[in-house]
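Colleague: Dropping a structure here in structure tokens format, bear with me for questions.
The values are calculated or read from the model by the stated rules, or taken from the named source; none is laboratory data. Keep in mind the model is a prediction, meaning the values are calculated, not measured. Glycine gets a Cβ as well: all are built from the backbone with ideal geometry, and neighbour counts include every protein chain shown.
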Amino acid sequence: MVDAAFPHLMRPGRIGSMELRNRIVMCPMGLLLGHEDGTVSDNEAAFYEARARGGAGLLLIGTACVGYPEGTNHPRMPGVSDDRFIPGMSHLADRVHRHGAKLAAQLNYMGTYSFLDVMAGRPRLVPYELAAPAPDRVLMMVTSEEMGMQAAPFVAPGANLAYKVADEDDIARVIDLYVAAADRCRRAGYDGVELHAGHGYLIDEFLSPRNSRTDRWGGSLDNRARFLLEVITGIRRRVGRGYPMWMRINAFERHYDIGERFDEQLRVIEMAVDAGIDAVHLTAYANTNVATAATDSYAPHVVGPLPDHAAMVRQRVAVPVITFGRLEPDEAEECLAEGKADFVAFGRKLIADPDLPRKLGQGRTDDVRPCIYSYRCIGNIALRVPTSCVVNAQAGREHDLALEPATSSRNVLVAGGGPAGMEAARLLARRGHRVTLREASERLGGQLVLAGMLDPVLDRWLGWLIHQIEQSDVVIELGARVEPDTILDFDDVVVATGPQWSPPSPPGADRATHVTALGPWIQSDDDSVGKDVVVVGETKAAASLADLCCQRGRQVTIVSSTGVVAEELGPPGRFELVASLLRNGVRILGPATVGHIGDDCVTVSARGADETVGADTVVLTTGAVPDPRLAQAISATGRSVRPIGDCRTVGLIEGATSSALEAALAIG
């Protein structure tokens with residue numbers, strides 16, 4: 001039965017011979033959840049099973065490496081290059097199929113991104129010699145630790161940074177790798193395969209107009225498309241016409257003088273359909289020398305033109321078209337209703353809430369946990385570590401951190417109604433404990449209230465947390481301060497009272513305002529914040545405040561002690577935010593310290609030089625430190641207590657959710 005709220009999303013669909021229960025696809029994503037030898041791990045299998053259980057129609061395994069370890073970026077990427085991978089693949093397929101979803105692998109040979117080849121001393125196989133990287137300024141806004149993580153393959157002992165331009169033998173061999181991998185997926189029980197023909201990987205490198213080879217594999221569009229078409233033809237010969245196969249391909253490339261154009265990509269799509277693909281999954285790409293490459297293309301920060309391009313593809317070919325791009329469920333429904341696409345893929349949203357499809361089908365849109373676009377999921381992959389999610393601490397560790405019912409129901413007090421306290425209370429109640437949540441103020445939210453004023457997606461997540469608590473069995477007591485002698489009736493105590501504030505106090509600090517006092521101005525602009533604003537700090541809160549000041553016509557300077565703004569965001573989100581600030585005229589000084597705050601200026605020391613910066617208003621956003629006092633006082637009475645969130649370690653939202661899950665798993 002089709003859900004009345006989302007009749008198009010919930011309607012069954014078909015790709016080739018594969019029947020799907022709805023039109024919701026999980027995007028293929030690099031997750032790095034497998035074992036170090038490319039085999040399926042328990043966490044990887046549990047991750048996909050959770051999204052199958054959650055109701056998605058089709059799950060796509062991102063970057064299944066056809067030549068593993070050759071042509072591969074990271075040892076944890078899924079290997080499909082040898083029969084030794086089949087047992088794990090079959091196990092994964094069985095776990096997905098038991099919940100009614102279908103599973104397909106995205107086949108890939110990574111070309112210039114084959115960093116395992118670099119580490120192994122092998123030259124990377126490419127169609128043509130690629131230009132050396134020339135990163136822009138914003139790409140350098142990473143910590144020294146992050147820089148080391150990204151650079152690890154290139155500084156490994158014996159690393160080989162060279163390329164090998166593919167000759168005829170190389171091309172034939174790699175085509176055979178694709179063919180064998182597709183057949184291996186079929187034998188393992190996968191329901192189909194997707195060819196990755198975008199995002200700068202090997203097939204896309206052949207397609208690029210920068211491929212100026214003078215043989216039959218480059219130059220003209222027909223020649224550049226030849227490699228893709230030979231892969232399709234070879235797979236069809238091996239697996240037959242009935243096995244579903246499609247491709248993901250760029251609609252366009254951004255930030256290139258010579259880049260892929262939609263008119264040429266349309267022609268490639270038509271050729272591929274004629275060669276035997278069953279669907280088109282439309283994406284985009286951008287020059288990775290530009291910091292916002294990801295958010296301008298395949299991980300859009302705003303809803304972009306991909307659905308409109310999908311509509312044009314759909315008019316030209318007689319196979320289904322898959323679109324995506326930060327679409328909310330109602331936007332996805334509208335996209336299908338208007339005939340722009342046949343399927344909509346969700347990536348980040350399904351990491352944040354694996355049950356999104358099931359909740360939509362049940363009309364429970366308010367229960368869908370929102371993605372807050374911290375880009376930790378994508379950002380982790382750039383740092384070569386497994387994916388995670390700021391709002392869903394289980395993501396990627398569904399096996400290791402499985403939330404089972406408690407062995408016995410305990411009476412638990414949670415002190416503090418901020419994000420850590422609410423998440424802990426929610427999870428404890430879900431496990432079957434009797435939970436009381438006490439908050440000293442008259443409303444739930446803690447610091448998240450102010451953060452939500454600055455960032456609408458955080459306000460939305462706050463609303464979700466409150467809704468989950470209010471509809472649960474948690475007893476909520478507002479205006480109720482916890483004292484050590486008032487908790488005798490509880491078996492366990494979780495303290496989530498947040499940090500204390502100890503902001504820096506340079507000379508003239510009394511002339512500054514702390515961000516926690518700016519609530520009235522944030523809600524309604526007035527002249528309490530002057531024309532020239534200096535924001536001291538480097539967290540996302542500092543950046544969001546600077547952005548709001550810009551929107552309200554202020555001139556803004558950020559003074560960052562580290563020089564890295566919004567470090568808690570994954571790199572793509574950080575780059576997007578910083579690039580936006582710079583476009584709007586915000587100055588970022590750092591590493592820098594504030595020397596003196598005067599009536600209309602601030603003395604700043606940056607990189608060994610002093611500078612006087614005009615400032616009608618100085619806002620301090622720093623100074624959060626752990627506040628263990630209540631937890632220590634309770635502990636002194638001999639009671640067991642679990643401090644979580646910023647009262648234990650200042651870890652912001654990610655620290656709040658992860659420590660809340662830790663406490664929920666530890667009790668009972």
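Colleague: Quick check on region 125-169: of everything there that is closer than 30 Å to residue 566 by Cα and among the acidic types (Asp, Glu), which residue is surrounded by the fewest Cβ atoms within 10 Å (Cβ to Cβ)?
Modeller: 145
Colleague: From the residues in region 167-201 that are among the acidic types (Asp, Glu) and in contact (Cβ under 8 Å) with a residue 60 or more places away in the chain, which one is nearest to residue 285 (Cα to Cα)?
Modeller: 194
Colleague: Continuing with this model, one more query. Need pairs with beta-carbon distance below 6 Å; first residue assigned by TED's automatic domain parsing to the domain that holds residue 289 and within region 133-151, second surrounded by 12 or more Cβ atoms within 10 Å (Cβ to Cβ) and in a helix (DSSP H, G or I); sequence gap 6+ or separate chains.
Modeller: Here the result reads 138/575; 138/578; 138/579; 141/578, each pair linking region 133-151 to a residue that is surrounded by 12 or more Cβ atoms within 10 Å (Cβ to Cβ) and in a helix (DSSP H, G or I).
Colleague: Take residue 475 and tell me if it is touching a residue at least 24 places away in the same chain (Cβ under 8 Å) and in contact with a Lys or Arg (Cβ under 9 Å, 6 or more places away or on another chain).
Modeller: The answer is yes for residue 475.
Colleague: Let me ask another. Limited to region 389-431, what total is found for residues that are surrounded by fewer than 22 Cβ atoms within 10 Å (Cβ to Cβ) and free of Cβ contacts under 8 Å to residues at least 40 places away in the same chain?
Modeller: Result for region 389-431: 2.
Colleague: Tell me the residue from 562, 557 that is of a type in the set (Ser, Thr, Tyr), assigned to a strand (DSSP E or B) and farther than 30 Å from residue 440 by Cα, please.
Modeller: 557
Colleague: Given the criteria crowded, with 24+ Cβ neighbours inside 10 Å and within 29 Å of residue 126 (Cα to Cα), does residue 25 qualify?
Modeller: Spelling it out, it is not the case that residue 25 is crowded, with 24+ Cβ neighbours inside 10 Å and within 29 Å of residue 126 (Cα to Cα).
Colleague: Any chance you could count how many residues in region 586-629 are in contact with a Leu (Cβ under 8 Å, 6 or more places away or on another chain) and either loosely packed, with under 15 Cβ neighbours inside 10 Å or not polar (S, T, N, Q) (or both)?
Modeller: Of the residues in that region, 6 qualify.
Colleague: Pick from region 453-507 the residues that are polar (S, T, N, Q) and assigned to a helix (DSSP H, G or I): which of them is farthest from residue 521 (Cα to Cα)? Give the derivation first.
Modeller: Taking region 453-507 first, the residues polar (S, T, N, Q) are 468, 471-472, 486, 497, 500, 502, 505.
Add one more test, that the residue is assigned to a helix (DSSP H, G or I), and what stays is 468, 486.
Values: 468: 29, 486: 37 Å.
Selected residue: 486.
Colleague: I'd like to check something: does region 434-441 contain any residue that is basic (Lys, Arg) and in a strand (DSSP E or B)?
Modeller: Checked region 434-441: at least one residue is basic (Lys, Arg) and in a strand (DSSP E or B).
Colleague: Within region 68-112, restricting attention to residues that are among the polar types (S, T, N, Q) and within 28 Å of residue 154 (Cα to Cα), which residue is surrounded by the most Cβ atoms within 10 Å (Cβ to Cβ)?
Modeller: Per the stated criteria, the residue is 108.
Colleague: Quick check on my filter: what residues within region 511-533 are farther than 11 Å from residue 548 by Cα, in a helix (DSSP H, G or I) and not polar (S, T, N, Q)?
Modeller: Within region 511-533, 511, 515, 517, 519, 520 meet the criteria.
Colleague: Of all residues in region 631-647 being of a type in the set (A, V, I, L, M, F, W, C) and surrounded by fewer than 22 Cβ atoms within 10 Å (Cβ to Cβ), which is farthest from residue 658 (Cα to Cα)? Quick ask: steps written out before the conclusion?
Modeller: Of the residues in region 631-647, the ones of a type in the set (A, V, I, L, M, F, W, C) are 631, 633-634, 636, 641, 644, 647.
Those still in the list that are surrounded by fewer than 22 Cβ atoms within 10 Å (Cβ to Cβ) too: 633, 636, 641.
Details: 633: 24, 636: 26, 641: 17 Å.
For region 631-647, the residue satisfying everything is 636.
Colleague: In addition: Could you please find all residues in region 519-544 being surrounded by 15 or more Cβ atoms within 10 Å (Cβ to Cβ) and polar (S, T, N, Q)?
Modeller: 539, 544
Colleague: Looking at region 170-288, what helices (runs of 4 or more DSSP H) fall wholly within it and have at least 2 residues that are surrounded by 23 or more Cβ atoms within 10 Å (Cβ to Cβ)?
Modeller: Because the criterion is at least 2 residues that are surrounded by 23 or more Cβ atoms within 10 Å (Cβ to Cβ), the helices (runs of 4 or more DSSP H) in region 170-288 that meet it are 202-207, 226-239, 262-275.
Colleague: Can you tell me which of (1) more than 24 Å from residue 273 (Cβ to Cβ); (2) assigned to a loop (DSSP other than H, G, I, E, B) is the one residue 8 doesn't meet?
Modeller: Unmet for residue 8, out of (1) more than 24 Å from residue 273 (Cβ to Cβ); (2) assigned to a loop (DSSP other than H, G, I, E, B): (1).
Colleague: Evaluate region 484-500: report whether one residue or more is within 30 Å of residue 616 (Cα to Cα) and surrounded by 16 or more Cβ atoms within 10 Å (Cβ to Cβ).
Modeller: Checked region 484-500: at least one residue is within 30 Å of residue 616 (Cα to Cα) and surrounded by 16 or more Cβ atoms within 10 Å (Cβ to Cβ).
For every residue, the table says whether it meets (1) modelled with pLDDT of 95 or more; (2) of a type in the set (Asp, Glu); (3) in contact with a strand residue (DSSP E or B) (Cβ under 9 Å, 6 or more places away or on another chain).
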| residue | (1), (2), (3) |
| --- | --- |
| 50 | yes, no, no |
| 60 | yes, no, yes |
| 70 | yes, yes, yes |
| 83 | yes, yes, no |
| 98 | yes, no, no |
| 106 | yes, no, yes |
| 127 | yes, no, yes |
| 139 | yes, no, no |
| 152 | yes, no, no |
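Colleague: Going through region 183-230 one residue at a time, which ones are aliphatic (A, V, I, L, M) and farther than 30 Å from residue 293 by Cα?
Modeller: Matches in region 183-230: 188 only.
Colleague: Continuing with this model, one more query. How about region 42-67: which of its residues are of a type in the set (Ser, Thr, Tyr) and free of Cβ contacts under 8 Å to residues at least 60 places away in the same chain?
Modeller: 48
Colleague: Output the residue which, of all residues in region 41-67 that are touching a Pro at 6+ places or on another chain (Cβ under 7 Å) and part of a loop (DSSP other than H, G, I, E, B), is surrounded by the most Cβ atoms within 10 Å (Cβ to Cβ).
Modeller: Among them, the one singled out is 56.
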